[in-house]
Amino acid sequence: MALINIATHEIHCKIVYYGIGYCGKTTNLQYVYKSINPAIRGEMLSIATETERTLFFDFLPLDLGTVHGFRTRFHLYTVPGQILYERTRLAVLNGADGIVFVVDSQAEKFEENVQSIAELEMYMRRLGKDLGHFPFVMQWNKRDLPSALPVHVLDRYLNRRRVPAFEAVASSGVGVFATLRAISKSVIAQL
Amino acid sequence: MEQLSNLVISDHELEAIRATLSKLLHDTSASTVMLLDKSGQVISNFGNGVRRNVTSLGALLAGAFSSSRQVAELLGEKDFRTIFQQGMHENIYTTLVEEQWLLVIVFDKLTHIGLVKVLSKKATDELVRVLARVKADTSRRKTSVINVEFRSSVEDTIDLLFRD
């Protein structure tokens, strides 16, 4: 839920990266953190297990500075992807203004991706939101891997709503900022 | 559970919020009092000392609260409306303001938890009234801020800043 504070001239928006375990959500945020102008970003916070799997969420605040008299901030979150953390995903989704669904393009992950997007749709309904009328983009990640399914296949089965989708190799940064720009603009358009 | 898409807080209502937080801070001798949106954004932050990492603190406290509500659901509870975190030196008491905001009080061992509970209840009642006014006024005030020029400027800034 975007917060517009007229008194302090601030606008805050929350963007959540959603998807299955090891699909590259944290990698997206790490790449943004590493590559963006340091003056724009705050500290990145990761609540992870000892083996670096996300336990609760990653958090990266970005500050666009003052635009048209308002200081505009985007807070990026990831959810934990592993199946057992389903309730935590719902907790992190609470109050989101926009969602990036990160897809692991590998054929062997296809079924998990399908289940994950069905879960997301269910959670959004529980939160009183219709994903069809909500800032939402897809990212086809891991395009560099040999078992990656063709984009038209992913698009047909995972992108029923025909939302904007971006090919990515998050580990090397390909597609990371294109995805971030698209979801940020979509959030602003819906304010 | 229908969620709002935006919440617009005016000068006047922020003043009312700050007055409530300031009184609570003073009367409880707390070190910090914060009002958060449930999405983790800090609406107002009051304290004797300036806290570092207030943005991260907001995200973590809201995350912990949201998580505790999922625990409540699993236990068959309607919800947990408060959380108390106890440390060696400082304690944190977090309580829900309707379904939208979180009131957070950070205090040390010189302040009794009972006082915090009672006074935060009073403050919450006041904040519920502010929230009702904010909700009623949001759509009218939003049009005065979010216009075509604003959206266009933000889009240009996004193109400029969100890149390698």
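The values are calculated or read from the model by the stated rules, or taken from the named source; none is laboratory data. Since the structure is predicted, the reported quantities are computational estimates derived from the model, not experimental observations. Note that we place each Cβ from the backbone using ideal geometry, even for glycine, and neighbour counts take in every protein chain shown. Ligands, DNA and RNA are stripped out before the accessible areas are found, and what is left, the full protein with its side chains, is counted by its heavy atoms. Shrake-Rupley method; radii C 1.70, N 1.55, O 1.52, S 1.80 Å.
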Per residue of A:83-96, what is the mean number of Cβ atoms on other protein chains within 10 angstrom of that residue's Cβ?
-> 4
How many Cβ atoms of partner chains, on average, are near each residue of A:56-65 if near means within 10 Å of its Cβ?
-> 4
Residue with peak Gaussian network fluctuation, chain A [Cα springs, cutoff 10 Å], from A:Gly128, A:Gly81, A:Gly95 = A:Gly128
Size-normalised alpha-carbon gyration radius of chain B, reference 2.2 N^0.38 Å = 1.15
Within the set of other residues whose C-beta is less than 13 Å from the C-beta of A:Glu10, count the net charge using Lys and Arg as +1 and Asp and Glu as -1.
-> -1
Report, in degrees rounded to the nearest 10, the 0 to 90 angle that the Cα long axis of helix A:176-190 makes with the longest principal axis of chain A.
-> 60 degrees
Partner shielding of B:35-44, taken as the mean number of other chain Cβ atoms within 10 Å, equals 6
Per the helix-only model, chain B has a calculated mean residue ellipticity at 222 nm (DSSP H runs of ≥4, -39500 (n - 2.57) each, divided over all residues, rounded to the nearest 500) of -18000 deg cm²/dmol
Would you pull out the residues with amide H under 5 Å of A:Ile99's amide H, same chain only if 5 or more places away, H placed 1.01 Å from N?
-> A:Val16, A:Phe136, A:Val137
For the pair B:Asp125 and B:Leu160, what calculated FRET efficiency results from E = 1/(1 + (r/R0)^6), where r is the Cβ-Cβ distance and R0 = 41 Å, to the nearest 0.05?
-> 0.35
For n ≥ 4 DSSP H runs only, could you compute -39500 (n - 2.57) per run for chain A, divide by its residues and tell me the 222 nm figure to the nearest 500?
-> -9500 deg cm²/dmol
At R0 = 35 Å the Cβ-Cβ FRET efficiency linking B:Ala72 and B:Asp11, nearest 0.05, sits at 0.45
In degrees, nearest 10, range 0 to 90: what is the angle between the Cα axis of helix B:148-161 and the longest Cα principal axis of chain B?
-> 80 degrees
Taking H as built 1.01 Å from N, whose amide H comes closer than 5 Å to the amide H of A:Gln106, not counting residues under 5 places away?
-> A:Leu149
Whole-Hz Karplus ³J(HN,Hα) for the stretch B:108-117, in order, using 6.51 cos²θ - 1.76 cosθ + 1.60 and θ = phi - 60°, x for Gly and Pro?
-> 9, 6, 7, 9, 7, 4, x, 5, 4, 4
May I ask you to give the solvent-accessible area per residue for the stretch B:4-134, in square angstrom, as obtained with a 1.4 angstrom probe?
-> 47 Å²
For A:Arg160 and B:Arg151, what is the calculated FRET efficiency with R₀ set at 25 Å and r taken between the beta-carbons, to the nearest 0.05?
-> 0.35
Quick one: Karplus J couplings for the stretch A:3-15, per residue in order, coefficients 6.51, -1.76, 1.60, θ = phi - 60°, nearest Hz, x for Gly and Pro?
-> 10, 10, 9, 5, 5, 9, 6, 10, 10, 10, 10, 10, 10
Solvent-accessible area, 1.4 Å probe, carbon plus sulfur percent, for the stretch B:4-134 = 55 percent
Relative frequency of Cα-Cα separations exceeding 29 Å in the protein assembly as shown, percent | 40 percent
Using the alpha-carbon atoms, what tilt in degrees (0 to 90, nearest 10) does helix B:54-74 show relative to the longest principal axis of chain B?
-> 70 degrees
Any idea of the total accessible area buried by the A-B contact, 1.4 Å probe, rounded to 100 Å²?
-> 4700 Å²
When Rg is the radius of gyration of the Cα atoms in chain A and Rh is its Kirkwood radius, what does Rg/Rh come to?
-> 0.95
At 0.36 nm per residue, minus the direct Cα-Cα distance, what do A:Thr49 and A:Ala7 gain on full extension? Give it in nm, one decimal, please.
-> 11.2 nm
Mean separation of Cα contacts under 8 Å, 6 or more apart, over the residue count of the stretch B:4-134: relative contact order % | 28 percent
For A:Ala165, other-chain or 5+-apart residues with amide H closer than 5 Å (H placed, Pro excluded) are A:Met138
